[in-house]
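Structure record follows, encoded as structure tokens.
The values are calculated or read from the model by the stated rules, or taken from the named source; none is laboratory data. No experiment lies behind these values; they were computed from the predicted model shown. All Cβ positions, glycine included, derive from the backbone under ideal geometry; neighbour counts span all protein chains shown.
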Amino acid sequence: MTTRKIEIMVGFFVALAIAATLMLALKVAGQGASGNGETYTLYAKFDNIGGLKVRSSVKVGGVTIGRVEGIKLDDEDFTPVVTLSISKSYAQFPETSSVSILTSGLLGEQYIGFQPGFAIDDIENLSDGDFIEDTKSALVLEDLIGQFLFSRGSE
Amino acid sequence: MEWFARLGAGTLDKLSAFGRATFVLLGAVVAKPRPLKHIPLTIKQIYVVGVQSLSIIIVSGLFIGMVMALQGYTILVDYGAEGSLGPMVALSLLRELGPVVTALLFAGRAGSALTAEIGLMKATEQLSSLEMMAVDPLRRIVAPRLWAGMISMPLLALIFSAVGILGGHLVGVDWLGVDAGSYWSIMQSTVEWNEDVLNGVIKSIVFAFVCTWIAIFKGYDAVPTSEGISLATTQTVVYSSLAVLGLDFVLTALMFGI
């Protein structure tokens, strides 16, 4: 086999590998569709984050607008602070928006449900580094059962 | 006493083999690069180890993807979760089966051929004649094969995973009737480029290095007789497979463990 033919075959091989990579990137990993653009950061304080994890999604009505970037404990009052990175294309949320930790399905993973608030003239939009004031913690099943038993006991 | 002597001799034997293997590797890799001379040689070897492995990689990738879709569907459908077929097939291919099965096939298809080729070159004293002509066989024979293996295997693993996912689509969507939209969209929301795809590529680069190194060293170090070459070829396949499976556990623990 001549060198030229070998070179053509190797070129074909590499092109096939590039095609496979592109397919994995675009079709399988969903790269480029959303999520790797520019983002801005919001913070939210919760009493209890339940099973929320880093990289959990932030959704508005089911549409993913960002991801949980980090979870740490506040130094002073020891409550969890969740860092959210939200895509820049969704930058128009008013300051009255609220976030709550929800579960997808009965046994599914936990995500952050973002509820856009009302916007009146003197209410500004959330910008990079803002804290979201209105938060609802995760439902912890053990706490619910405890409350239920307690209320039954006091009847 | 005899037992201790045997243990000591065995250990020293293994250690000196490892030392020789390191010298082969360093002699092949560490040197002044001469691209004009070595790139054509490497391309020739990519053809031998990469392009000629393409058919077995594509066929096994297709069938492994199809079988996983078939098996996964029968279990997932009980829970009404057949939409998760896409991420199941894609994640197991990208994280584990792609790199590992490619490395095992590569060790069997290309690694054994490398060992036999270099071993036979040694047995027929082609390596010594090269040295007599002041051509370093490590640079001329070993280095292009090493680079070709390291370049080819990650590409083969990517092709394997992509073909496997298409095979899963073939069985899951076209035959068993999983919704095509959910097959792709749940896969897209689950699979992460850095976490899953790139870690799989890193795995297959490590496997490529280990498999090619073992194959080349076993050939270069073979006893230059027919029995020696047959033993070296067997050892290449066995050692490569064991190394790949062991390293896969370590790498998985490091990448996805916590």
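The residue of the range B:33-67 that is surrounded by the most Cβ atoms within 10 Å (Cβ to Cβ), among those that are hydroxyl-bearing (S, T, Y) and in contact (Cβ under 8 Å) with a residue 24 or more places away in the chain, is B:S53.
For B:M187, the conditions (1) buried (at least 23 other Cβ atoms within 10 Å of the Cβ); (2) within 25 Å of the chain's Cα centre (by Cα); (3) at the interface with chain A (Cβ under 9 Å from one of its Cβ atoms); (4) of a type in the set (A, V, I, L, M) all hold with the exception of (2). Here B:L166 clears all of (1) hydrophobic (A, V, I, L, M, F, W, C); (2) in contact with a His (Cβ under 8 Å, 6 or more places away or on another chain); (3) within 10 Å of another protein chain (Cβ to nearest Cβ) except the condition numbered (2).
Let's see how each residue does on (1) buried (at least 16 other Cβ atoms within 10 Å of the Cβ); (2) in contact with a strand residue (DSSP E or B) (Cβ under 9 Å, 6 or more places away or on another chain); (3) over 14 Å from B:I118 (Cα atoms):
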position	(1), (2), (3)
B:G181	no, no, yes
B:V197	yes, no, yes
B:V206	yes, no, yes
B:T212	yes, no, no
B:A215	yes, no, no
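In the range A:57-79, of all residues being among the basic types (K, R) and without any contact (Cβ under 8 Å) to a residue 40 or more places away in the chain, the one that is surrounded by the fewest Cβ atoms within 10 Å (Cβ to Cβ) corresponds to A:K72.
Only one entry in A:V54, A:V82 is part of a strand (DSSP E or B) and in contact (Cβ under 8 Å) with a residue 12 or more places away in the chain, namely A:V82. Residues considered: B:L105, B:L130. Of these, the only one that is assigned to a helix (DSSP H, G or I) and either at pLDDT below 90 or touching a Pro at 6+ places or on another chain (Cβ under 8 Å) (or both) is B:L130. Annotation for the range B:89-102: no member residue is in a helix (DSSP H, G or I), within 13 Å of another protein chain (Cβ to nearest Cβ), over 24 Å from the mean Cα position of the chain (by Cα) and surrounded by fewer than 23 Cβ atoms within 10 Å (Cβ to Cβ).
In the range A:38-58, the count of residues that are modelled with pLDDT under 85 and facing another protein chain (nearest Cβ under 10 Å) is one or more. For B:G111, are the conditions met, namely being within 14 Å of another protein chain (Cβ to nearest Cβ), surrounded by 20 or more Cβ atoms within 10 Å (Cβ to Cβ) and in a helix (DSSP H, G or I)? Against the criterion (within 14 Å of another protein chain (Cβ to nearest Cβ), surrounded by 20 or more Cβ atoms within 10 Å (Cβ to Cβ) and in a helix (DSSP H, G or I)), B:G111 does not qualify. Only one of the listed residues (A:I132, A:I101) is of a type outside the set (D, E), closer than 30 Å to B:S84 by Cβ and surrounded by 14 or more Cβ atoms within 10 Å (Cβ to Cβ). That residue is A:I101.
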